[in-house]
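Trainee: Let me give you the structure first, and then I'll get to my questions.
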Amino acid sequence: MRLNKYLSETGAWSRRVADTLIAEGRVTVNGVVAVLGTQVQPDDVVQVDGAAVGPSRKQHSPVYIALNKPRGITCTTERHVRGNIVDFVAHHERIFPIGRLDKDSEGLILLTNDGDIVNEVLRVEHGHEKEYVVHIGSRVSDEFLLRMAAGVDLGDARTRPCRVWRSGPQSFHVVLTQGLNRQIRRMCAALGHDVIALRRIRIMHIELGELPRGRWRDLSADEVAGLLPPPERARPPRP
């Protein structure tokens, strides 16, 4: 098994974070500093920052949950960060968020101990949809909606075209297929508007629905199946 997959299946890190740990030289296999692409055998001793890493737990207790994240909670697994999402959820398994939702935003975020799901959901080329409700400090004009939909120049990047529609005098819905850092806030700022409130209500086929703020629920079998890579979707998730 590749080392990054092994680390992600422990339930402590996503595969992307595992790659970073390996690249930084923080992972050893049998006492030797590992490199990207290192293979792990069943009897190998794997350590991260000198601490032993246990065997894969995903096979025994996979976790897939949806959280209605309140404002003020940070999407990080770093436990020293006050208000980190891991301590907020307080799940009995070691889980991590799939992607991020900035501290000042609220709404739907998924958490798991399955690194394969993380990669499937976050790959930009898959074009997975995420839907948001946004309130701004001024009137939502037709021109503003057209410019948002066409893509906005952020200086270091141009956003992809997206679907946008008005939902109130100062609010709108937007559906994105990319995940640049603080993307919606930066798009609005580039067009001269301040975001007052931002809430994510859908990720792909999974909807926030009536889930109360600050509460989480397990995903249904159908919801999990829709997150799996295409070859695996015909198989039900492991119990």
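Trainee: Among the listed residues 215, 186, 199, identify the single one that is surrounded by 15 or more Cβ atoms within 10 Å (Cβ to Cβ) and in contact (Cβ under 8 Å) with a residue 40 or more places away in the chain. Even if it seems obvious, please write down each step before you answer.
Mentor: On the way: 215 fails: surrounded by 15 or more Cβ atoms within 10 Å (Cβ to Cβ); 186 fails: in contact (Cβ under 8 Å) with a residue 40 or more places away in the chain.
The conditions single out 199.
Trainee: Could you identify the single residue in 96, 88 that is touching a strand residue (DSSP E or B) at 6+ places or on another chain (Cβ under 9 Å), under 17 Å from residue 200 (Cβ atoms) and among the aromatic types (Phe, Trp, Tyr)?
Mentor: 88
Trainee: Based on this model, can you work out whether residue 9 counts as loosely packed, with under 12 Cβ neighbours inside 10 Å and under 26 Å from the mean Cα position of the chain (by Cα)? Steps first, please.
Mentor: Numbers: loosely packed, with under 12 Cβ neighbours inside 10 Å: no; under 26 Å from the mean Cα position of the chain (by Cα): yes.
Against the criterion (loosely packed, with under 12 Cβ neighbours inside 10 Å and under 26 Å from the mean Cα position of the chain (by Cα)), residue 9 does not qualify.
Trainee: Quick check on my filter: what residues within segment 103-134 are hydroxyl-bearing (Ser, Thr, Tyr) and more than 10 Å from the chain's Cα centre (by Cα)? Lay out the reasoning, then the answer.
Mentor: Here is the first cut: in segment 103-134, the residues hydroxyl-bearing (Ser, Thr, Tyr) are 105, 112, 132.
Scanning segment 103-134 gives 105, 132.
Trainee: Anything in segment 82-93 that is outside any loop (DSSP other than H, G, I, E, B) and of a type in the set (A, V, I, L, M, F, W, C)? List them, or say none. Talk me through it step by step, then tell me what you get.
Mentor: Our first condition is that a residue be outside any loop (DSSP other than H, G, I, E, B); within segment 82-93, this holds for 84-89.
The answer is 85, 86, 88, 89.
Trainee: Next question. Report whether or not residue 100 is at pLDDT below 85 and either under 12 Å from the mean Cα position of the chain (by Cα) or within 19 Å of residue 17 (Cβ to Cβ) (or both). Don't jump to the end; show me each part of the working.
Mentor: On the way: at pLDDT below 85: no; either under 12 Å from the mean Cα position of the chain (by Cα) or within 19 Å of residue 17 (Cβ to Cβ) (or both): yes.
Answer is no for this residue.
Trainee: Same structure again: Across segment 140-155, what is the number of residues that are at positive phi and either at pLDDT 95 or above or touching a helix residue (DSSP H, G or I) at 6+ places or on another chain (Cβ under 6 Å) (or both)?
Mentor: At the first step, the residues of segment 140-155 found to be at positive phi are 151, 155.
Now restrict to residues that are either at pLDDT 95 or above or touching a helix residue (DSSP H, G or I) at 6+ places or on another chain (Cβ under 6 Å) (or both): 151.
Residues flagged as at positive phi and either at pLDDT 95 or above or touching a helix residue (DSSP H, G or I) at 6+ places or on another chain (Cβ under 6 Å) (or both) within segment 140-155 amount to 1.
Trainee: Filter segment 183-218 for residues that are more than 21 Å from residue 73 (Cα to Cα) and in contact with a Phe, Trp or Tyr (Cβ under 9 Å, 6 or more places away or on another chain) and give the result.
Mentor: Correct list: 188, 191, 192, 193.
Trainee: Does segment 148-179 hold any residues that are surrounded by 17 or more Cβ atoms within 10 Å (Cβ to Cβ) and either outside the structural domain of residue 196 (by TED's automatic domain parsing) or more than 23 Å from residue 227 (Cβ to Cβ) (or both), and which are they? It would help to see each step written out before you state the result.
Mentor: From segment 148-179, those surrounded by 17 or more Cβ atoms within 10 Å (Cβ to Cβ) are 148, 152, 159, 162, 164, 172, 174, 176; that's our starting set.
148, 152, 159, 164, 172 - these are the residues of segment 148-179 that are surrounded by 17 or more Cβ atoms within 10 Å (Cβ to Cβ) and either outside the structural domain of residue 196 (by TED's automatic domain parsing) or more than 23 Å from residue 227 (Cβ to Cβ) (or both).
Trainee: Could you say whether any residue in segment 187-195 is in contact with a Gly (Cβ under 7 Å, 6 or more places away or on another chain) and either farther than 30 Å from residue 61 by Cα or among the hydroxyl-bearing types (Ser, Thr, Tyr) (or both)?
Mentor: Checked against the condition, which is being in contact with a Gly (Cβ under 7 Å, 6 or more places away or on another chain) and either farther than 30 Å from residue 61 by Cα or among the hydroxyl-bearing types (Ser, Thr, Tyr) (or both), segment 187-195 yields at least one hit.
Trainee: A further question follows. Here's a check for you: in segment 57-72, which residue that is touching a Phe, Trp or Tyr at 6+ places or on another chain (Cβ under 9 Å) and surrounded by 21 or more Cβ atoms within 10 Å (Cβ to Cβ) is farthest from residue 17 (Cα to Cα)? Let's see the steps before the verdict.
Mentor: The first filter runs over segment 57-72 and keeps only residues touching a Phe, Trp or Tyr at 6+ places or on another chain (Cβ under 9 Å), leaving 65-70.
Subset that is surrounded by 21 or more Cβ atoms within 10 Å (Cβ to Cβ): 66-69.
On the way: 66: 21, 67: 21, 68: 23, 69: 22 Å.
The qualifying residue farthest from residue 17 (Cα to Cα) is 68.
The values are calculated or read from the model by the stated rules, or taken from the named source; none is laboratory data. All values derive from a computational prediction rather than experimental measurement. Here the Cβ is made from the backbone with ideal geometry for all residues, glycine too, and neighbour counts use every protein chain on show.
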